[in-house]
Ligand SMILES: C[S@@+](CC[C@H](N)C(=O)[O-])C[C@H]1O[C@@H](n2cnc3c(N)ncnc32)[C@H](O)[C@@H]1O
């Protein structure tokens, strides 16, 4: 497996330097969400303390105080869990799980020289740039909805990350994975990482088919996501369906067996079922 060498630097270093000379891929666990959860815990704690100290009737206090402290405990627990996720994903931390996954997925991309590749839900551009860097004679497009749930990801960030990496065979655009703005059979390779499970849908296999619609006959795909039964339905039969449609080399590779993460990590991080769907059209 080819391992790419990509330089990463902290958000604070970039902010200090003023100009971007190193990429800033942000975090899949938005910092604002962690802080928001911690602030909510603080507000409920404060409400509990105020209720405790306010001269209100004892029966009301007896009901209110336990409720407020239980809610506080729940929010503290969630904040702590989110913080651990933030640290595990961080490009600056020890674990660097996002970096491992991006490089791991990019390593599965096969694209001919002069070919065109697509990364669906490119976020801050990490996977698009990694694929473009690994395949300098191909042209890559990253597409994303860039909605409010990942407020720190945007087109400009992707472009400045590409520039910081010295990668010019990429372009980025806004668009929806549910209805990609491309003709059938436009790309020689398609990829995506941890996107479709975020999209509210009762049929995520249809979202996969929408991505594969844009792939040329003979083109390859490597799509990584939480492909659990609850999120995607029966994926083994989907693999068989693709084969019956003429796709070849189709397989589902479990990435929670130490490949990208341990079973325990996938469990506590809510990533159980993570797998790469790969093959050729
Ligand atoms: C966890 S982030 C992963 C980003 C990127 N693939 C990576 O590996 O760094 C999920 C991304 O999916 C994007 N996304 C969610 N729903 C989408 C949709 N319907 N169409 C396109 N992108 C979407 C979000 O905007 C976000 O950037």
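Since every read-out is calculated from the coordinates, none of them should be taken as a lab result. All values reported here derive from a predicted model rather than from experimental measurement. FYI the Cβ positions are ideal-geometry reconstructions off the backbone, even for glycines, and counts take in every protein chain you see.
Once you treat every alpha carbon in the stretch 31-89 as an equal point and sum by Debye, what is log10 I(q)/I(0) at q = 0.13 Å⁻¹?
-0.39
Expected output is a single nm value to one decimal: the length gained when fully extending between residue 168 and residue 185, i.e. 0.36 nm times separation in residues minus the C-alpha distance. What is it? Display every interim value, and only then the final one.
Working: separation 17, 0.36 × 17 = 6.12 nm, distance 2.36 nm.
Between residue 168 and residue 185, full extension yields an extra 3.8 nm.
What's the FRET efficiency of residue 249 with residue 95 using the Cβ-Cβ distance as r and R₀ = 45 Å, to the nearest 0.05?
Efficiency at R0 = 45 Å is approximately 0.90.
Arranged by the count of other C-beta atoms within 10 angstrom, fewest first, what order do 113, 24, 225, 92 take?
113, 92, 24, 225
For the stretch 208-267 and the stretch 79-112, what is the centre-to-centre distance using only Cα atoms, to the nearest Å?
19 Å
Grab the Cα-Cα distance for residue 178 and residue 74, subtract it from 0.36 nm times how many residues apart they are, and report the gain in nm with one decimal.
Values: separation 104, 0.36 × 104 = 37.44 nm, distance 3.46 nm.
Extending this stretch completely gives an extra 34.0 nm.
What do you get for the angle between helix 97-106 and the principal long axis of the chain? Use alpha-carbon atoms, 0 to 90 degrees, nearest ten.
20 degrees
Please give the FRET efficiency for residue 21 paired with residue 83, using the beta carbon to beta carbon distance and R0 = 41 Å, rounded to the nearest 0.05.
Efficiency, rounded to the nearest 0.05: 0.90.
Please report, in whole Å³, the volume per residue of the convex hull around the C-alpha atoms of the chain.
Value for the chain: 149 Å³ per residue.
Nearest-5 percent of antiparallel DSSP beta bridges in the chain?
40 percent
Given the DSSP H assignment, sum -39500 (n - 2.57) over each helix run of at least 4 residues in the chain and divide by its residue total; what's the result at 222 nm in deg cm²/dmol, nearest 500?
-13500 deg cm²/dmol
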